1. Per-residue mean of other chain beta-carbon atoms within 10 angstrom of the beta-carbon, peptide A:128-137?
2. Please report, in whole Å³, the volume per residue of the convex hull around the C-alpha atoms of region B:310-375.
3. For helix B:171-197, what angle does its Cα long axis make with the longest principal axis of chain B, in degrees from 0 to 90 and rounded to 10?
4. Got a sec? What order do B:LYS111, A:LYS201 fall in by accessible area at 1.4 Å, biggest, i.e. largest, first?
5. Among B:GLY144, B:GLY369, B:GLY54, whose mean-square fluctuation peaks in a Gaussian network model of chain B (Cα, cutoff 10 Å)?
6. Within 10 Å of each Cβ in A:235-243, how many Cβ atoms from other chains are there, averaged over the peptide?
7. State which entries of A:LYS193/B:LYS83; A:LYS20/A:LYS293; A:LYS322/B:LYS119; A:LYS169/A:LYS306 exceed 26 angstrom in Cα-Cα distance in the structure shown.
8. Could you work out, residue by residue across B:150-158, how many beta carbons of other chains sit within 10 Å of that residue's beta carbon, and then give the average as an integer?
2 protein chains.
Amino acid sequence: MEKLSNNSSKESSYAARLEKIYNWMAEENITLLMLEDTETRRDLNIRWLTGHPGDALLFLYRDSTSSIGGRVILAAWDVNLAKLYAFKSSPASDADAVIVSYNDFDRKPSKAIAMIAQKLKIPAGSRIEIPSVTPYPVFLNYVGDLTDYDIICRENGAAAEMRKLRAVKDEDEIAILRKAAAITNEIINSLEKNVIAGTIKTEADAALFIETEARRQGCDGTSFGTIAAGPQRSYAIHAFPSWTHAPFGGQGLSILDFGVNYGGYCTDVTLTFARDLDVKQEKLVNLVEKAAKLAVSMAHNGTRTKDIAAAVDTLFSKSKKKMPHGLGHGIGLQEHEYPVIRNSSDNDWVLSPGMIFTVEPGLYDPLLGGCRLENDILITGNSSSQPEHEILTNARIIRL
Amino acid sequence: MEKLSNNSSKESSYAARLEKIYNWMAEENITLLMLEDTETRRDLNIRWLTGHPGDALLFLYRDSTSSIGGRVILAAWDVNLAKLYAFKSSPASDADAVIVSYNDFDRKPSKAIAMIAQKLKIPAGSRIEIPSVTPYPVFLNYVGDLTDYDIICRENGAAAEMRKLRAVKDEDEIAILRKAAAITNEIINSLEKNVIAGTIKTEADAALFIETEARRQGCDGTSFGTIAAGPQRSYAIHAFPSWTHAPFGGQGLSILDFGVNYGGYCTDVTLTFARDLDVKQEKLVNLVEKAAKLAVSMAHNGTRTKDIAAAVDTLFSKSKKKMPHGLGHGIGLQEHEYPVIRNSSDNDWVLSPGMIFTVEPGLYDPLLGGCRLENDILITGNSSSQPEHEILTNARIIRL
């Protein structure tokens, strides 16, 4: 896998990510780590570590003779696809990274582990870690099939480590998310124009406009089903159905929560359109705007995310309001990642450079309607000479 | 819950489904059954059993004094949404079905079980079943938190029973899927016209056309990301990305695999567009058409699905061809449900009236391209006087 570490920036990102996992495996005395991405249990860590888009088992074997600390075996459902996407130009014949067919193991993960462990001459008693989401009945099968090894399945294992690592984006990921944000911003500007011009009249119009524009601008589409809730439905946190043929942008408050998927990475923003508000509605909107400004102003390297969420809760409670959801979340290959931005005792996330996350204060009232404002924030510099964050998206309250 | 059993057809469907589960619980001596639908572990059985679209825990408590054999507690993240959708007009105050807030249990399923078991005075030692997909580390938490009860988590439990039950659609489901199929068929006809007229020129055009038409015709959208693969990419089983801006419908074979989501239910069809084929390509297409006819002709009540898949495999092998995927699958609330239509020794599914499934023979060649033909079939009558199946969709090979 020399190519992984020496070639293009893209390839070295994968190598750097793998190297971190091998280091962690050494600390944890894990000899072999298996990841599984199948229809019933999706795991985007395989894409994050290799570039392969999915439907595969990934085996990471710790090997101190390898330049990055280990070897990779990617058992793909579609080998041709894996050869196109995994490690880009790194050949499958490379000693440190091989691509094999999942069918070679009769599509049985426990059989794959047994065959690979035998091939690699992994000593009996070694620790082999399987996904933390392995169902209990399936775990029993692994243990029954692999009696020679110590099968590890735990909450604070490899999956938790990858959640932490993925919370901090590397340069390649930041570049992709900047591009995704730029497209999102163009869509926001076009939405404003079209709602004002009256060419977007219904929730369905807004949702389809976003889907069409995202695709036209080179995205794979939206990152989740757009939530378009006109004045009659905006009081719900997440309206169901996510859009209807009801009017959008009329008198009162209309919420539009969407994101694009660009190069596998997801943005997530929420706009509120406000028209002819009464005094109470105006107060609600101003409070949400104030909360958003407060939250963003606190987004610094070293800040505990629970403190940001607590500050917003306090602001709302002074006006006798309560937000019925968390303040935000990381974004990346999934629309909901880490860090968590929530005012709860078990949240110990601290912001650091490279984290990209949403802040999305919102208030909802059955009579007044709902208002939410969500933008995507990147934590940048860690010194006083650098700005400490960057607001990547330009979602806003649009007063009609 | 009298309303469930006595009112509209919609409501009695839910009651009938619940009754089957309570009967099964009695056989299995399960006192309380918990289902979980959350972002990390989706379970559409909650929608199937109650109409509530999701983000909830569902508790089914066996109680022989209830007219349908038990009581329902729906712990919803969004209680207002649950009141709108669950059991339709059945009030939450009804003694046999209550809606409560998931927040009442601090969003902890094990706490919810403990509180509900106490409220219902469930005797110590009772069998309480939790989802079969519960991860092993989470299972350990349940067992630690609920020492008074026998916590059951198994592969052949409630989830397997519901897979079997859901494989046979009831009248309400058949009516919805007929409507979904009718919309799918209109879209197929429009696709043909637009590809011939040249208004659909690229894979992206085809995918966006389907998304737009589905929404225009009252669907929630497509049931999965449309796969549009022009002549250069159709050799892949499932092309990635699922569509690009590459040409579609030019010389050779173009595959279009899509479905609509109507009222929560999914169709799934695949067309192949063929233009100016050479002799080998023509042979490939004819073979796939022949396989589709053969498979449909065998779709009768009482037929083992593995026999249908084996017949297609045999047909292909006579021409020295091999299909790299299964022959088909059930459709319903998800695009992939049961029965399985696959030639494998562990497949013991047998067709029965009410089953709706795809048959999708396909052949793929790196030089010739790929061809797949997929339609949705309903098993109808079970007597010789009735037709034994109905082809709900009109997917076809379209020769340009």
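The values are calculated or read from the model by the stated rules, or taken from the named source; none is laboratory data. For clarity, every value in this text was computed on a predicted model and none was experimentally measured. Here the Cβ positions follow ideal geometry from the backbone for every residue, glycine too, while neighbour counts run over all protein chains shown. The accessibility values were calculated without ligands, DNA or RNA, using every heavy atom of the protein model including side chains. Shrake-Rupley method; radii C 1.70, N 1.55, O 1.52, S 1.80 Å.
1. What the average comes to for A:128-137 is 6.
2. 103 Å³
3. 30 degrees
4. Ranking B:LYS111, A:LYS201 by accessible area, largest first, yields A:LYS201, B:LYS111.
5. Result for chain B, Cα springs under 10 Å: B:GLY144 fluctuates most.
6. Details: counts 1, 4, 4, 4, 2, 9, 4, 2, 3.
Taking all residues of A:235-243 together, the mean is 4.
7. A:LYS193/B:LYS83; A:LYS20/A:LYS293; A:LYS322/B:LYS119
8. 2
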